[in-house]
Every structure is written in structure tokens, then in C-alpha cells.
Amino acid sequence: MDRVYNYSAGPSCLPIEVLEEVQRELLNYKGKGFSILEMNHRTDDYYEINDDAMSMLKKLLNVKDDYEVIFMQGGGYSQFSTFPMNLATKNDLTLYTLTGNFSEKAYIEGKRLTNAKVITSSKETNFNFIPKITKNMVDQSAKYLHITVNNTAFGTCYNELPETGVVPLVGDMSSIILAKNYDINKFGLIYGGVQKNLGAAGVTFVVIKKNLINDKITDLIPSMNNYSVQLSKNSIFNTPPVFAVYIVDLMLHWVERQGGVAELSKIAIEKSNLLYDLIDNSKFYKGTAVREDRSPMNITFTTGSEDIDLKFVKEARENGMINLKGHKAAGGLRASLYNAMPMDGAKKLVEFMKKFEKDNEV
Ligand SMILES: Cc1ncc(COP(=O)(O)O)c(C=O)c1O
């Protein structure tokens, strides 16, 4: 079977160039006579990959020298409890915004560990927009304000980062890392799984401002979750996911070859606008997020009928386009157009959508 276009929200498609590079090197990594899958993590070969991936991520994110990169495991989900443990203690005030299922999950974990308060929410309208955050909503005694920068299930993202004063901004960037031109220096910490824009499942990135590493509270944190411990061991405290870090490194070089975040942000807007323009000009499809907060990564829409949505998913699959069903928390349809999705993938989907509309409109 030929390769299909894969609109999965994650794990997602990878660039063919990267897959071919993995294939070429799989049996014999750089002529060393063994596979990357067989590489011991306490060797110069792995240190080189690990260090390169960290410095490439810092470079592509354009963060200043007072930021550190940590590679961890457990996905975005494990960070929902890991960052509160590291940044606050039980009685500390921490702030959350609810803009989707993942921000709710982050809040639930944060509440277990800190005095967490929700400052704003779009739950009442099924998370179809990003509520504005003004500076006077951000209690200056809080240890952090958490936002989900891109809401994978509901297809919304922050176009402007909130002004938080002295309160560090913590951002879940699982589904928008290296795909939109945010100033990462405005964050105290960002995190996410790499399996959408940055590689295959297995690595969790954390980029943290050094002054947020609080030694006073670190005794209470399990070593595996402790940013200070992980940093002191250069993210090789225990056996890291060697293969997954290697793919992150290949992906970062691919991102650089595409022109970095500046170029990929532009391409993401172009690709997503192909779909949004069609949706906006159609009576058959309805976008589910408000226009000004729409995500360039996850395009959420519906035909308004559950049965027709299912038919859409089925016929798309028969035409070589897979994973278009919406997230179970949101329903409907969703096309994820991460960095590795080629422009032709967006164009092919638009052509299919036009034909499907013609064949099914009443
Ligand atoms: C925005 C966001 N945060 C967190 C998660 C959970 O991440 P993981 O599955 O890596 O634990 C996801 C997963 O899709 C996500 O989209």
C-alpha cells in the first residue's frame, strides 16, 4: 500500500526525509557497526545526540541563556503533576485557565498538590474560544499561571500570550511546539510530549528558566520528577528513551532545514487557511472554534450530523486520508496539520471535502 496522508492529532506523521534517514541508519549507526536501538546511553555516541538535541531545541526556540532543556518521560500528562511539584508547595496559590480537556486535567493534578484556582474558563461554550486574561486577573502572589497554549481537541490556540507581571507563565505546548512564532522568553516553563511536532512518542520536553528551580522544595519530589536532579544529570539520570531522543534530534535538524519556526509558522497558517477558507465559505461544514482563536494545527469542524461525519471519516480513509475523527471530548471532525504534514496533504483534503460536500449536500 502507498503511504497515506495521516491527520492524526498524535502520534502524528513524520517527514519522509526523517523516516528515510532512520531507515538508512537503522542497522549501522554512522558506520559504527551497531544500531541506534542497541546504543548504550552512557557513551559519547549518546551524549552527542542528547547534547545536540538540547542545544538545537534552545536555538530553534530562540531562548536566552537563562533557560535549560530537560528531556523526561511520562508525556505531557506526567508534567501536569511534575511542574506543580517543582514550582510550588501545598499551600501556595497557583492559577489555571480552562480552555479544554487537557487544561482541566492539568488543573485536577495541580489542585492535588497546590492551592490551585481557576481564573477563567470557556467550558460553558464547549471550549470554543480562548478567554482573555488581563493583568488584574493574575494575583501577583501566585507561583505560576498555567495555560494550554494550543488546545488539540478543540482547535483553539492563544494568539497573544497573557501579561502575568511577576508570575511565571507555564505553557503546555504539546501540540504547537516549533509551529507558531511565540516568544518563549515570556514563559517561565513550557512542556509537552514530542509526538506531534517533534518526533515519535517517548520523550517529554521541558524548557525552564533557571531561576525557577527551587532547591528548598526539591526534597519532597521523587528524583525522577525532580527538575534539579534531572538537570544535574543532563537528563540521563536513568536510561533515557535513546531512540526517541535520536528522532527528536533528526526532527530538529529537519525543522532548521525548513527555515525554522518563522518559516514553519507561515506555512502552518497557509495550510490551515486552505481548510478554514473552505469551511467559512461552506454551508455544509461548520467550524467549531471562533475565528480569532483558531489553531493552525488542529482544524475542528463538523457537518452537523454524526452519521455524515462518520461517513466522511470512512470515505476519507478509502481515499488515503486517515485519522479525521474528532477527539472524543469534542466530537465531530478534526484534521491535524502539524509541521510534517506537507502542503499537498492539506490540498488533497480540501479537494476531498469539496467533492464530499457536493455528493452529500441536501
Ligand atoms: C495539549 C495537550 N496536552 C497534554 C496532552 C497529553 O500528553 P501525553 O499523551 O503526552 O501525556 C496532549 C495529548 O494529546 C495534548 O494534546
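Throughout, read-outs are computed from the coordinates displayed, never taken from laboratory work. This one's a predicted model, so the numbers in the text were calculated from it and none came from an experiment. Because the Cβ atoms are built from the backbone with ideal geometry, glycine has one as well, and the counts that use them run over all protein chains shown.
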Given backbone amide H placed at 1.01 Å from N, residues whose amide H is under 5 Å from that of HIS146, ignoring those fewer than 5 places away on the same chain, are LEU95, TYR96, THR97, VAL170
Net charge near GLY75 (other residues with Cβ under 12 Å of its Cβ; Lys, Arg +1; Asp, Glu -1) is +1
Treating only Lys and Arg (+1) and Asp and Glu (-1) as charged, each at its beta carbon, one finds that the chain has a dipole about its Cα centre, in Debye to the nearest 20, of 700 debye
Highest GNM mean-square fluctuation among THR148, THR125, THR303, for the chain with Cα springs under 10 Å, belongs to THR125
Rounded to the nearest Å, the spacing of the alpha-carbon centers of segment 208-251 and segment 1-65 is 19 Å
GNM of the chain, Cα pairs under 10 angstrom: of GLY31, GLY304, GLY171, the biggest fluctuation goes to GLY31
Within the chain, excluding any GluC sites (Glu not before Pro) found in a DSSP loop (not H, G, I, E or B) and having at most 14 other Cβ atoms within 10 Å, the longest uninterrupted segment runs 164-360
Beyond 20 Å (Cα-Cα) in this structure, taken from LYS105/LYS233; LYS286/LYS325; LYS180/LYS314; LYS64/LYS209, we find LYS105/LYS233; LYS180/LYS314
Counting only DSSP loop positions in segment 278-362, the trypsin sites (Lys or Arg not before Pro) whose Cβ has at most 10 other Cβ atoms within 10 Å are LYS283, LYS328
Neighbour-count ranking for HIS253, HIS146 (other C-beta within 10 angstrom, fewest to most) reads HIS253, HIS146
Low-density loop chymotrypsin sites (Phe, Trp or Tyr not before Pro), segment 1-77, at most 15 other Cβ within 10 Å, DSSP non-H/G/I/E/B, are PHE34
The relative contact order of the chain, taking Cα pairs under 8 Å that sit 6 or more residues apart, comes to a percentage of 22 percent
On each of the three principal axes the extent of the alpha-carbon atoms of segment 218-321, given in whole Å and largest first, is 57, 34, 32
GNM of the chain, Cα pairs under 10 angstrom: of LYS271, LYS90, LYS216, the biggest fluctuation goes to LYS216
